[in-house]
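Reading through the structure tokens given below for one structure.
The values are calculated or read from the model by the stated rules, or taken from the named source; none is laboratory data. Everything quoted here is computed from the prediction, not taken from an experiment. Here Cβ is always computed from backbone atoms with ideal geometry, including for glycine, and neighbour counts include all displayed protein chains.
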Amino acid sequence: MKKLSYVVKRGGSVGTVLTPHLHEDNHFVVSLTRYEKDYQRVKREQDLVEWVRKGYSVRMSNQSVKSHRSPSLITPSSIEIREI
């Protein structure tokens with residue numbers, strides 16, 4: 001299975017790992033732009049890899065770090081795809 005992550009590279013939380021953010025409706029969000037009207041809701045986390053490969057950004061967060069509890073839109077070129 002493949003997992004997505006992003007490591008924060010600047011600011012006060014350098015090194016913090018972000019993962020796909022599960023929204024209250026139990027979906028993940030991908031988008032080609034930063035605008036909510038373009039959001040695509042994705043039910044299964046494992047499906048996010050294909051969206052990233054198509055060029056979509058992913059909303060990611062880290063609930064254990066106060067400054068990253070709210071999801072940020074992370075570009076495909078910054079996302080690490082790893083096998084677990």
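What residue, of 45, 83, is touching a strand residue (DSSP E or B) at 6+ places or on another chain (Cβ under 9 Å) and surrounded by 12 or more Cβ atoms within 10 Å (Cβ to Cβ)? Of the residues listed, the single one that is touching a strand residue (DSSP E or B) at 6+ places or on another chain (Cβ under 9 Å) and surrounded by 12 or more Cβ atoms within 10 Å (Cβ to Cβ) is 45.
Looking across region 1-22 at every residue that is in contact (Cβ under 8 Å) with a residue 60 or more places away in the chain and part of a strand (DSSP E or B), the one that is surrounded by the fewest Cβ atoms within 10 Å (Cβ to Cβ) is identified as 7. In region 66-77, the count of residues that are modelled with pLDDT of 95 or more, assigned to a helix (DSSP H, G or I) and under 13 Å from the mean Cα position of the chain (by Cα) is one or more.
Here residue 31 fits the description: touching a helix residue (DSSP H, G or I) at 6+ places or on another chain (Cβ under 9 Å), polar (S, T, N, Q) and surrounded by 13 or more Cβ atoms within 10 Å (Cβ to Cβ). Could you please let me know if residue 37 is closer than 19 Å to residue 81 by Cα and more than 13 Å from the chain's Cα centre (by Cα)? Spelling it out, it is not the case that residue 37 is closer than 19 Å to residue 81 by Cα and more than 13 Å from the chain's Cα centre (by Cα). Is it fair to say residue 45 is modelled with pLDDT of 95 or more, among the charged types (D, E, K, R) and under 11 Å from the mean Cα position of the chain (by Cα)? Against the criterion (modelled with pLDDT of 95 or more, among the charged types (D, E, K, R) and under 11 Å from the mean Cα position of the chain (by Cα)), residue 45 qualifies.
When region 64-80 is limited to residues that are free of Cβ contacts under 8 Å to residues at least 24 places away in the same chain and touching a strand residue (DSSP E or B) at 6+ places or on another chain (Cβ under 9 Å), the one that is nearest to residue 4 (Cα to Cα) turns out to be 75. The C-beta contact set for region 44-59 (first residue assigned to a loop (DSSP other than H, G, I, E, B), second residue of a type outside the set (Val, Ile, Thr), distance under 8 angstrom, 6+ apart or interchain) comprises 55/32; 55/76; 56/31; 56/32; 56/40; 56/76.
Take region 48-76 and flag every residue that is loosely packed, with under 12 Cβ neighbours inside 10 Å and among the charged types (D, E, K, R). 53, 54, 66, 69 - these are the residues of region 48-76 that are loosely packed, with under 12 Cβ neighbours inside 10 Å and among the charged types (D, E, K, R).
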